[in-house]
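First comes the structure, then the notes that go with it.
The values are calculated or read from the model by the stated rules, or taken from the named source; none is laboratory data. Note that this is a predicted model, so its numbers are computed, not measured. Just so you know, the surface numbers come from the protein's heavy atoms only, side chains and all, with ligands and any DNA or RNA stripped out. Shrake-Rupley method; radii C 1.70, N 1.55, O 1.52, S 1.80 Å.
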Amino acid sequence: AIAQEKGELDSAVTHYQKALEIVPGQKAVHTELMRVYLSKKEIGQAAGQVEAILAVERNDFENLAQLGKLRAREGRNEDAIALFRESLALHFHPETSASLADALRDQGNCAEAIKHYAASLKSRPRHALTANNFAWILATHPDPELRDGAKAREWAQVACDETGNKIPPLL
């Protein structure tokens, strides 16, 4: 931990790995090792640490969502979607619902993405990025069944209000 705080990331990895050799399966050590790997921009290695945690405790909805985010960053969208769904089946969390919506949107499944954006915003109605992403689909989707200009404007306004009208792409 001291090496990590000093920014000596390679040394931190070595020490965390030694700790896991002595006492395997330490959730806190795997979590810190994940953070080190993220600092080093080694997403696959970070994901491996979350997988190690989940191998011991699969019903950990937070780490399922974390692994989903890492898989999305790796471009493994199908895996990310499955992990977000698994996490949400255990416990609803608005951030996970929004992450699933983003992944579904990226996959082209906007009808389902809309449902997850709406669920996320029901719990967290002032989240600017989620409101913006929801508004864009509602405003621009080619299927008239999915478009809703009035609702799109409302959510776009939320996004702008929450950011003080200071982010041009939202405006």
Discussion item. Debye calculation, C-alpha points only, no solvent: report log10 I(q)/I(0) for the chain at q = 0.15, 0.18, 0.19 Å⁻¹, in the same order as the q values.
Written reply: -0.88, -1.06, -1.11
Response to the item:
Phi-derived 3J(HN,Hα) across the stretch 158-171 with the Karplus relation (6.51, -1.76, 1.60, θ = phi - 60°), rounded Hz, x for Gly and Pro, is 4, 4, 5, 4, 5, 9, x, 6, 10, 10, x, x, 6, 5
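Could you look at the stretch 83-171 and say what percent of its accessible area is carbon and sulfur, using a 1.4 Å probe and all protein chains? Each step should come with its number before you reach the end.
Values: 2660 of 4830 Å².
Here it works out to 55 percent.
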Discussion item. Leaving out ligands and nucleic acids, and using a 1.4 Å probe, what accessible area per residue does the chain come to in Å²?
Written reply: 55 Å²
Discussion item. Could you give each residue of the stretch 4-11 its phi-based ³J(HN,Hα) in whole Hz, using Karplus coefficients 6.51, -1.76, 1.60 with θ = phi - 60°, and x for Gly or Pro?
Written reply: 4, 4, 7, x, 8, 5, 5, 5
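What part of the accessible area of the stretch 23-63, given as a whole %, is carbon or sulfur when the probe is 1.4 angstrom? Can you show the working numbers first?
Values: 1070 of 2150 Å².
The value for the stretch 23-63 is 50 percent carbon and sulfur by accessible area.
In square nanometres, what is one fourth of the surface area of the convex hull spanned by the alpha carbons of the stretch 83-171? Before the final figure, lay out the partial values.
Details: hull surface 22.0 nm².
Result: a mean projected hull area of 5.5 nm².
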Fill in: Computed [θ] at 222 nm, helices only, for the chain once each DSSP H run of length n ≥ 4 contributes -39500 (n - 2.57)
-23500 deg cm²/dmol
Fill in: Violating pairs (Cα-Cα greater than 20 angstrom) within the set Lys41/Lys166; Lys27/Lys69; Lys69/Lys166; Lys6/Lys69
Lys41/Lys166; Lys69/Lys166; Lys6/Lys69
Worksheet item: Any number yet on Rg/Rh for the stretch 120-170, C-alpha, Kirkwood?
Response: 0.98
Fill in: Set of lysines with alpha-carbon distance to Lys115 below 18 Å, sequence-local pairs under 8 removed
Lys151
Worksheet item: Per-residue HN-Hα couplings for the stretch 99-109, Karplus 6.51 cos²θ - 1.76 cosθ + 1.60 at θ = phi - 60°, whole Hz, x for Gly and Pro?
Response: 5, 5, 4, 4, 5, 5, 4, 5, 7, x, 9
Worksheet, complete the sentence: Distance in Å, no decimals, from the C-alpha centre of the stretch 136-165 to the one of the stretch 54-82 is 29 Å
